[in-house]
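So the structure is just underneath, and the comments pick up after that.
Just so you know, all these numbers are worked out from the coordinates, no wet-lab data involved. What you see is a predicted model; the values in this text were computed from it and never measured. Here the Cβ positions follow ideal geometry from the backbone for every residue, glycine too, while neighbour counts run over all protein chains shown.
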Amino acid sequence: MIVTVPSLAVVQTLASAGVDWLVLDLEHASVGPEILHGMIAATAGTQTTPLVRLPWSHPWQAKLPLDLGAMGIVFPMVCPRQDAENAVRAVKYPPEGGRLWGPFYAPMRWSMPMPDYIASANANVLTIATIEDPVGVQNIDAIVDTPGLDLAFIGPGDLAMSLGVAGQFEHPAFLQAVDTAEKAILRSKVALGGVARTPDQARQMMQRGYRALVFGFDWSLLQRSALEFIGKACG
């Protein structure tokens, strides 16, 4: 689930539902640093892993979410391998990367002393690349061969848009691009992620080897539930 509503209550509600992870969205939502801190903290005491999607694949933007306790960073529009390499470097402390010291609040979210957090962060914080452009599909083998990359996520909305077939998820060009990306990711050591619009599609995707699935957005879930209730009550 991708969380766009800047609300601790929304995060608490979704986390209590038992989801494995939530993506707190900085790319398309009005989530600022202060509320982001609270949203990350609101997952404490649950099995939900807080991930943060950056506005763009600028490595410096990962620093604050990590120091606030994010357990993974989602980098959008990863196209050349250099994007993936920069992402890994932004997430990991030296010598594996170039993350700067300053995790004042992350150890609290992880419920551990700061030295333990520093020692374990490189092995536990996820680096996630989003493949959502034809250039990324063309370079997919090189991208997933990047040491330290944990998950490659196929983003259907922007992928279809960038192919010139926005919203046409059955278009041959879109299906071919997804097939190419899927096969390359499954051949690699990187986990495969994507978007499932229905429970049936989710089951099919898991059978194909998907390890991480987004089921939708918080705003969409709220809207659909309200519309369904109103339609049944007043229709």
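Overview of results
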| read-out | value |
| --- | --- |
| Size of the range 84-181 as Cα extents on the principal axes (Å, biggest first) | 51, 25, 17 |
| Dipole magnitude (debye, nearest 20) for the range 2-234, charges at Cβ of Lys, Arg, Asp, Glu | 320 debye |
| Segment Met206-Asp158, extension gain: residue separation times 0.36 nm, minus the distance between their alpha carbons | 15.1 nm |
| DSSP-assigned coil residues among GluC sites (Glu not before Pro) in the range 1-110, each with at most 16 further Cβ atoms within 10 Å | Glu96 |
| Amide H partners (placed H, <5 Å) of Val195, local residues excluded | Val214 |
| Centroid-to-centroid separation of the range 177-235 and the range 85-136 [C-alpha atoms, Å] | 26 Å |
| GluC sites (Glu not before Pro) within the range 121-211, DSSP loop, no more than 16 other Cβ atoms inside 10 Å | Glu170 |
| Residue (of Ile230, Leu64, Gln47) at the positive-pole extreme of the range 2-234, dipole from beta-carbon charges | Gln47 |
| Rg to Rh quotient for the range 2-234, alpha carbon positions, Kirkwood Rh | 0.97 |
| Magnitude of the charge dipole, the range 126-226, Cβ model with Lys/Arg +1 and Asp/Glu -1, debye to 20 | 340 debye |
| Relative contact order for the chain, counting Cα pairs under 8 Å that sit 6 or more residues apart, in percent | 16 percent |
| Per-residue ³J(HN,Hα) for the range 212-225, Karplus 6.51 cos²θ - 1.76 cosθ + 1.60, θ = phi - 60°, Hz, x for Gly and Pro | 9, 10, 8, 9, x, 10, 4, 4, 5, 4, 5, 5, 4, 5 |
| The range 42-104: chymotrypsin sites (Phe, Trp or Tyr not before Pro) in DSSP coil with no more than 11 other Cβ atoms inside 10 Å | Trp56, Trp101, Phe104 |
